[in-house]
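A short reminder: the numbers here are calculations on the coordinates, not readings from a lab. Values in this document were obtained by computation on a predicted structure and should not be read as measured data. Cβ coordinates were reconstructed from backbone atoms using ideal geometry, including for glycine residues, and neighbour counts include every protein chain displayed.
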Amino acid sequence: MIKQIRGEMIGIICAEQKEINEILKLMTNKNEENFRSFKFIKGEINNHDCTAVLSGVGKVSSAICTQVLIFKYSPDIILNVGVAGGISEKINIGDVVIANNVVQHDFDVSIFPNRKRGEIPALSLVQIPCSTWVIEKILNSAKSISNVKVHNGTIVSGDQFINCPNKLLGLNTDFGGIACEMEAGAIGQTCFVNKVDFGIIRSISDNANSDAKINFEEFIEQSSMNAASILSAFIRSI
Ligand code: ADE
């Protein structure tokens, strides 16, 4: 069953200015509000009420930002949109990954009995799920964007920019990750605790290898554009 949220509010969180720029290009009737260190931009995308915010990089900043977004604007759904490092051979720069779930790969209390690597004790979960109806609807609407290849699977999050082949191999073999980034795990945990529907749209800017920094800088704009075009198709579909 595909849930309808027509008329309700969508929160959009990006970590970097270049990522949010592509979202703001889609937005009409923009209004800005500042709260603490965050600038919330309210407006419409494809006639749908949206509030976009720049969280800053990393899990703590993005968790704070998500909680403020929820308290101040009561979004019915939160989407994390931006770029990621690809950690599967099948995924290329410019492709888009729609997450089924997200793992905090740097969370490790597995020294204690019955705790797995990546498990968040507060949730007793390794994989924080994205909302099934959101995943289905994004994947369906992405079919209309024929020039972007779309994958779906696990995204891994941690407070590290990954640029090392050994590390990225582990993220795939240990957690089944197909892409890595630095915020979605915290945004997902905050949405889970607040019972807010949640989805992740990330386009690949680099392959998390020794060229990652150069590729990230070169492709962040184009890849952010690809993620924004999938977001736009999703919003058009609801
Ligand atoms: N976001 C984009 N590329 C990344 C990488 N290689 N590591 C972590 N986050 C990223």
Next item on the list: Provide LEU24, LEU123, LEU168 in ascending order of the number of other Cβ atoms located within 10 Å of each residue's Cβ, fewest first.
Entry: LEU123, LEU24, LEU168
Next item on the list: Please say if segment 102-195 is rounded, prolate or oblate, where rounded means a/c under 1.5 for a ≥ b ≥ c the square roots of the C-alpha gyration tensor eigenvalues, and otherwise the choice is prolate for a/b larger than b/c and oblate otherwise?
Entry: oblate
Note to self: For segment 1-139, take the convex hull of the Cα atoms, compute a quarter of its surface area, and give me that in nm², please.
What the structure shows: 10.5 nm²
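So what is the diffusion coefficient of the chain in µm² per second by Stokes-Einstein at 10 °C and 1.306 mPa s, using a Kirkwood Rh over Cα pairs?
My calculation gives 91 µm²/s for D.
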Check: In what sequence do THR190, THR154 fall when counting other Cβ within 10 Å, fewest first?
Finding: THR154, THR190
Check: What size of dipole, in debye to the nearest 20, comes out for the chain about its Cα centre when the only charges are +1 on Lys and Arg C-beta atoms and -1 on Asp and Glu C-beta atoms?
Finding: 500 debye
Note to self: Shape verdict for segment 136-187, please, from the Cα gyration tensor: rounded (a/c under 1.5), prolate (a/b greater than b/c) or oblate.
What the structure shows: prolate
Check: Order of HIS105, HIS151 from fewest to most other C-beta atoms within 10 Å?
Finding: HIS151, HIS105
Next item on the list: If a/c stays under 1.5 just call it rounded; otherwise compare a/b with b/c (prolate if a/b is bigger, oblate if not). Do that for segment 160-238, with a ≥ b ≥ c from the square roots of the Cα gyration tensor eigenvalues.
Entry: oblate
Check: Using only helices, what value at 222 nm comes out for the chain when you add -39,500 (n - 2.57) per DSSP H run of length 4 or more and divide by the total residues, to the nearest 500 deg cm²/dmol?
Finding: -11000 deg cm²/dmol
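With Cβ to Cβ distances under 13 Å as the rule, what net charge do the other residues near ILE111 carry (K, R +1; D, E -1)?
Every neighbour counted, the sum reads +1.
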Margin query: Applying a 10 Å radius around every beta-carbon, put 78-88, 38-48 in order of their mean neighbour count, most first.
Written below: 78-88, 38-48
Checklist line | Cα pair distances exceeding 16 angstrom across segment 56-136, given as percent | finding: 67 percent
Notebook entry, point to check: Which cross-chain or sequence-distant (5 or more) residues have an amide H under 5 Å from the amide H of PHE107, H modelled 1.01 Å from N in plane?
Noted result: GLY118
Check: If you add up the charges near ILE145, with Lys and Arg at +1 and Asp and Glu at -1, over every other residue whose beta carbon is less than 12 angstrom from its beta carbon, what do you get?
Finding: +2
Check: Can you give me the relative contact order of the chain as a percent, contacts being Cα pairs under 8 Å and 6 or more apart?
Finding: 28 percent
Note to self: I need the phi-derived Karplus couplings for segment 151-162: 6.51 cos²θ - 1.76 cosθ + 1.60, θ = phi - 60°, integer Hz, Gly and Pro marked x.
What the structure shows: 10, 9, x, 8, 9, 10, 10, x, 7, 8, 7, 8
